[in-house]
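To start, the structure itself, in structure tokens.
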Amino acid sequence: MLLSGCVGFGEEYTRIEGFSNRDAGAICLKGTTGTARPGNPPSRLAETPCGMINAIGLQNPGVEAVVNDILPTLDFDETRFIANASGSTIEEYIEVVRKFDESPIDAIEINISCPNVKEGGAAFGNDPDMSARVVAACRAVTSKAIITKLSPNQTDIAENARRCIEAGTDGLAVINTLMGMAIDIKSQQPVIGNVQGGLSGPAIKPVALLKVHQVYQVARAHDIPIIGQGGINSPEDAVEFMLAGATTIGLGTSLFYDPMICKKVNAGLLDYLEQHQLGSVAELTGALKLPEKVQVCGECE
Ligand SMILES: Cc1cc2nc3c(=O)[nH]c(=O)nc-3n(C[C@H](O)[C@H](O)[C@H](O)COP(=O)(O)O)c2cc1C
């Protein structure tokens, strides 16, 4: 999957020479709210060692414009398109999901983990009760598949996943960005206009892998697929996420420096399957071989 916020509304990608929508199983559109949002003041991006911090602030033209003006320009025959629904209140999530429910979109991702907006977003996603309420409210107004995007910025992501599954989610996206900050020592000011932002890219991969492994312990009992994401940069990374429990994987920040990375990841996955005499990537999901006696507290060692 191409991840939300990293490919605009899908149409930008079709202009890149050599890219075919068939390279990706699905394209997730930019976070969409009930009404248009201008986003946060600049700067909105800062490069970090092995990653970047963003605080776009959910800039988007609003759900009406996305459904009426953008979706008709997308080629639904070639690939799947997934909406990314965001909101400041439960009512706003309902409004956005209801509108997408009446559209040709293939599935709806509920973004309860955006760290870059003052109300809603992570405020919902870091509280299991609120997460479950948002998912249940969205479930009630759509028959399309719902994917809930979980926040890594919380105490017990597995418990949150369990609550979202009970509330009716069909899939889980694990993880959204981690909260971060950068400071310009010349001006002695924050680099990001919003002061803080979401850290993504290879820097967050070890955290994301552990979160996928933790969520998988809950999700597998309910047969709920996980879209593993966070710093995936190579076929080897993709294999790691699948071994940890992901059914499929998403590419976000890596697209910024290699828009063609999907082809490499797909080709590398096929090589890996061949080398290990596996018939399908599905055989990798959760196939991690754990030591018999698992150390509970790795950080004490
Ligand atoms: C510039 C930028 C904008 C993003 N916007 C959204 C968004 O609108 N909605 C959302 O759910 N996630 C958003 N994300 C998070 C990504 O979809 C992804 O979950 C996260 O970056 C981790 O994957 P990665 O390390 O491969 O980028 C954004 C990420 C970046 C870098």
What number of residues within region 107-137 are at pLDDT 95 or above and within 15 Å of THR32 (Cα to Cα)? 5
Quick one: how many residues across region 143-194 are more than 14 Å from VAL215 (Cβ to Cβ), assigned to a loop (DSSP other than H, G, I, E, B) and in contact (Cβ under 8 Å) with a residue 40 or more places away in the chain? 10
Sole exception among (1) more than 11 Å from the ligand (Cβ to nearest atom); (2) crowded, with 16+ Cβ neighbours inside 10 Å; (3) without any contact (Cβ under 8 Å) to a residue 60 or more places away in the chain; (4) of a type outside the set (Ser, Thr, Tyr) for ALA26, by number: (3)
Of the conditions (1) among the aliphatic types (A, V, I, L, M); (2) under 24 Å from SER131 (Cα atoms); (3) touching a residue at least 40 places away in the same chain (Cβ under 8 Å), VAL63 satisfies every one except a single condition; which number is it? (3)
If a residue must be at pLDDT below 85, closer than 23 Å to VAL281 by Cα and in contact with an Asp or Glu (Cβ under 8 Å, 6 or more places away or on another chain), how many such residues does region 10-38 contain? 3
Given the options GLY5, GLY10, name the one that is touching a strand residue (DSSP E or B) at 6+ places or on another chain (Cβ under 6 Å), part of a loop (DSSP other than H, G, I, E, B) and open to solvent by 30 Å² or more (accessible area, probe 1.4 Å). GLY5
Restricting attention to region 76-83, does a residue exist that is open to solvent by less than 20 Å² (accessible area, probe 1.4 Å), out of contact with any strand residue (DSSP E or B) (no Cβ under 6 Å at 6 or more places or on another chain) and at pLDDT 95 or above? no
Restricting to region 200-235, count the residues that are hydrophobic (A, V, I, L, M, F, W, C), surrounded by fewer than 24 Cβ atoms within 10 Å (Cβ to Cβ) and more than 16 Å from the ligand (Cβ to nearest atom). 3
So, in region 16-69, exactly how many residues are closer than 29 Å to ALA238 by Cβ, touching a helix residue (DSSP H, G or I) at 6+ places or on another chain (Cβ under 8 Å) and among the small types (Gly, Ala, Ser)? 2
Out of (1) more than 10 Å from the ligand (Cβ to nearest atom); (2) over 24 Å from ILE204 (Cβ atoms), what's the single condition that is false for PRO42? (2)
If I filter region 103-113 for residues that are in contact (Cβ under 8 Å) with a residue 24 or more places away in the chain, more than 12 Å from the ligand (Cβ to nearest atom) and open to solvent by 30 Å² or more (accessible area, probe 1.4 Å), do I get at least one hit? yes
May I ask you to verify whether GLY168 is at pLDDT 95 or above and within 21 Å of PRO49 (Cα to Cα)? no
What about GLY250, is it of a type in the set (Gly, Ala, Ser), touching a residue at least 60 places away in the same chain (Cβ under 8 Å), crowded, with 21+ Cβ neighbours inside 10 Å and within 23 Å of TYR13 (Cβ to Cβ)? yes
Cβ-Cβ under 6 Å pairs, at least 6 apart or on other chains, region 217-237 side closer than 14 Å to ILE165 by Cβ, far side assigned to a loop (DSSP other than H, G, I, E, B) and among the hydrophobic types (A, V, I, L, M, F, W, C): ILE226/ALA246
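The values are calculated or read from the model by the stated rules, or taken from the named source; none is laboratory data. No experiment lies behind these values; they were computed from the predicted model shown. When we count neighbours, we look across all protein chains shown, and the Cβ atoms used for this are built from the backbone with ideal geometry, even at glycine. For the accessible areas, the whole protein counts, side chains as well, though only heavy atoms, and no ligand, DNA or RNA atoms are used. Shrake-Rupley method; radii C 1.70, N 1.55, O 1.52, S 1.80 Å.
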